[in-house]
Structure formats: structure tokens, C-alpha cells
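**Student:** After the C-alpha cells below, expect a handful of questions from me.
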């Protein structure tokens with residue numbers, strides 16, 4: 001079993017392969033600070049500085065699995081990660097653009113606001129359970145909200161994979 005589970009370097013590469021079916025090198029350039037790693041030798045040797053690649057894009061154009069489920073089969077889709085500042089597609093990549101929500105229910109804007117509120121009001125009143133507990137409760141409520149619909153939900157909890 002040589003290199004059976006290694007798709008790329010880190011969470012982003014693995015999540016991209018899982019959710020698009022493609023390797024990061026097969027997708028449009030979307031890194032915040034690209035280097036010459038994935039570029040043809042002749043292009044890399046032209047002296048283009050990091051971050052100055054003309055075809056940089058947000059990840060909206062990627063062939064996400066939830067787009068296919070939604071468009072072809074009418075699924076309600078959901079995507080959320082519990083750490084918006086370390087998001088798999090926001091930290092190293094340019095993230096989703098503002099043109100449209102990537103899924104039917106996208107949890108990141110709510111979490112970004114919640115973190116902003118915690119900075120503004122340092123006390124988290126009433127939070128006696130773990131963040132994972134509230135995350136689970138949120139998902140249970142979403143399942144109730146979308147009851148009767150076909151669902152494709154993808155939730156990612158960083159504490160389970162990045163201790």
C-alpha cells in the first residue's frame with residue numbers, strides 16, 4: 001500500500017478531490033499566493049511574481065459535487081465548516097465569490113458574524129456545551145427544516161482532524 005491515501009498536501013487538496021473529483025492541479029488557479037509549483041516551466045521562467053497570475057479565480061467555477069446533485073436531481077445542499085478563518089477553501093484559496101451562494105444552505109457567513117460578535121462581546125453567554133454539540137444541534141435543525149427533500153449535506157469539524 002504505497003501512497004494509497006495521499007492525494008495532495010493537506011486538507012485543501014483532499015477536500016478538493018473529494019468534492020470535485022479532480023486534483024488541485026486540474027482545477028483553475030485559485031490560490032491566494034500562487035507559486036510556480038503547478039505551472040509549466042516556460043511560463044514559470046518568465047519572471048511572473050507570486051500573486052500575479054492572470055487567471056486567478058474564486059472556487060465558484062469548480063465542478064462541485066453539490067452543483068450536480070442540485071441541478072440534476074433537485075437536492076437541497078448544505079456546506080459548513082466550524083472554523084471560518086481556517087476554511088478549507090478560504091485560508092489558502094480565494095474562497096467562494098459573492099456572485100451566488102455555493103449551496104442551498106451555506107453556513108460560513110453566519111459563523112464569520114459569530115466570530116465577529118465574540119470579538120466585540122468577549123463573553124459567550126449561555127455556551128456551556130462544546131462547539132461540536134452546537135454544531136450538531138444546528139445540523140439536526142437543518143434536517144428538520146429540509147424534511148421531505150433530497151439532501152446532500154457536507155459538514156467538516158476541524159477539532160476531529162486537526163487536534
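**Student:** For segment 71-85, what are the residues that are under 10 Å from the mean Cα position of the chain (by Cα) and over 14 Å from residue 155 (Cα atoms)?
**Tutor:** None; the set is empty.
**Student:** Please enumerate the residues belonging to segment 45-98 that are at pLDDT below 80 and either under 30 Å from residue 131 (Cα atoms) or touching a helix residue (DSSP H, G or I) at 6+ places or on another chain (Cβ under 6 Å) (or both).
**Tutor:** Once the filter is applied, which keeps residues that are at pLDDT below 80 and either under 30 Å from residue 131 (Cα atoms) or touching a helix residue (DSSP H, G or I) at 6+ places or on another chain (Cβ under 6 Å) (or both), segment 45-98 yields 82, 83, 84, 85, 86, 98.
**Student:** Here's a follow-up. With the checklist (1) within 20 Å of the chain's Cα centre (by Cα); (2) within 21 Å of residue 21 (Cβ to Cβ); (3) at pLDDT 85 or above in hand, flag the one item residue 138 doesn't pass.
**Tutor:** (2)
**Student:** Restricting attention to segment 142-162, does a residue exist that is modelled with pLDDT under 75 and farther than 18 Å from residue 89 by Cβ?
**Tutor:** Yes, segment 142-162 contains a residue that is modelled with pLDDT under 75 and farther than 18 Å from residue 89 by Cβ.
**Student:** Right, another one. If the Cβ limit is 7 Å and pairs must be 6+ apart or interchain, which residue in segment 106-121 that is more than 9 Å from residue 84 (Cβ to Cβ) pairs with which residue that is surrounded by 11 or more Cβ atoms within 10 Å (Cβ to Cβ) and at pLDDT 80 or above?
**Tutor:** 106/79
**Student:** Considering only residues of segment 4-20 that are surrounded by fewer than 17 Cβ atoms within 10 Å (Cβ to Cβ) and out of contact with any helix residue (DSSP H, G or I) (no Cβ under 7 Å at 6 or more places or on another chain), which is modelled with the lowest pLDDT?
**Tutor:** Among them, the one singled out is 4.
The values are calculated or read from the model by the stated rules, or taken from the named source; none is laboratory data. If you're wondering where the values come from, they're calculated on a predicted model, not measured in any experiment. Positions of Cβ are generated from backbone atoms using ideal geometry, with glycine treated the same way; all protein chains shown enter the neighbour counts.
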